[in-house]
Amino acid sequence: MAGQIFIVSGPSGSGKTSIVEHLLASVPDLLFSVSYTTRGPRPGEQEGREYFFVSREEFEAMKARGDFLEHAQVFNHYYGTHRRVLVDAERAGKDLVLDIDVKGAQQVKRKLPPAVAILILPPSWQELERRLRARGLDSPEDIQRRLERARQEVESCATYDYVVINRDLSKACAQVEAIVRVERQRLAGETPGPAELVAQAEAARKDATVSQVSAILETFGARAK
Ligand code: 5GP
């Protein structure tokens with residue numbers, strides 16, 4: 001079994017990708033889990049760096065062989081985490097970072113309960129819509145689909161141990177970094193510290209964010225499950 005597993009989920013436009021990049025650059029000994037996907041590469045993406053790009057047939061064959069720790073369908077494409085990443089992380093003496101969707105997070109938490117699950121949320125539906133429009137990557141229909149999916153993701157906040165609300169990217173990055181450092185110290189049996197770091201992480205604990213998450217849920221017209 002690998003060291004620790006950190007799951008990071010969040011709607012597109014939540015800032016999740018930048019936050020994961022920051023985490024990998026600032027905290028030592030983290031291994032990014034490169035998933036398999038049936039979607040094609042986007043400009044700038046490299047085989048084996050962002051994803052392993054496979055055909056639907058290849059994906060189905062891997063699934064049938066039981067290769068996946070978890071897998072899910074997102075917007076008509078399949079995505080999966082290969083079990084091998086656990087072995088790779090253990091051999092390298094590193095902790096794993098999984099950027100996966102809510103269904104994947106639920107599967108991993110079921111199979112490996114000590115995994116730490118972090119949900120990144122935008123401050124509101126309006127702000128998410130504004131960000132998706134501003135990045136100019138999606139058609140209006142795509143933006144609607146992403147917002148609809150984001151609603152489901154916000155509704156699934158109960159799956160997560162921590163909820164980080166990204167109002168300010170550098171603060172959200174620092175908070176996720178604090179969570180990882182504090183959780184690592186706990187696993188190592190150390191007393192977590194310094195106090196500011198612990199306070200930053202504790203402020204994102206699911207129980208501490210209930211009222212803020214309810215306010216976000218209201219903007220999405222959703223109810224927490
Ligand atoms: P994108 O196609 O934009 O890179 O990713 C779409 C969604 O798929 C994101 O929410 C991302 O977290 C999720 N995703 C990427 N890899 C995996 C995976 O291996 N398993 C699951 N369940 N979701 C994944």
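The values are calculated or read from the model by the stated rules, or taken from the named source; none is laboratory data. Given the structure is predicted, the values throughout are model-derived calculations rather than measurements. Neighbour counts run over all protein chains shown; Cβ positions are idealised from the backbone, glycine included. Only protein heavy atoms, including side chains, enter the accessible area calculation; ligands, DNA and RNA are left aside. Shrake-Rupley method; radii C 1.70, N 1.55, O 1.52, S 1.80 Å.
Counting only residues that are under 21 Å from residue 31 (Cβ atoms) and modelled with pLDDT of 95 or more, give me the helices (runs of 4 or more DSSP H) lying completely in segment 92-202 with at least 3 of them.
Per the criteria, 102-111, 169-187.
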Over segment 156-171, the set of residues farther than 14 Å from residue 128 by Cβ and open to solvent by less than 40 Å² (accessible area, probe 1.4 Å) is 156, 157, 159, 160, 162, 163, 164
Restricting segment 62-82 to residues that are without any contact (Cβ under 8 Å) to a residue 40 or more places away in the chain and among the small types (Gly, Ala, Ser), the one nearest to residue 51 (Cα to Cα) turns out to be 72
Apart from one, (1) open to solvent by 30 Å² or more (accessible area, probe 1.4 Å); (2) touching a strand residue (DSSP E or B) at 6+ places or on another chain (Cβ under 8 Å); (3) within 11 Å of the ligand (Cβ to nearest atom); (4) not β-branched (Val, Ile, Thr) all hold for residue 101; the odd one out is (1)
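Against the condition away from the ligand (no atom under 11 Å from the Cβ), open to solvent by 40 Å² or more (accessible area, probe 1.4 Å) and under 20 Å from residue 201 (Cβ atoms), how does residue 140 come out, does it pass? I'd like the intermediate steps shown before the answer.
On the way: away from the ligand (no atom under 11 Å from the Cβ): yes; open to solvent by 40 Å² or more (accessible area, probe 1.4 Å): yes; under 20 Å from residue 201 (Cβ atoms): no.
So residue 140 does not fit the description; no.
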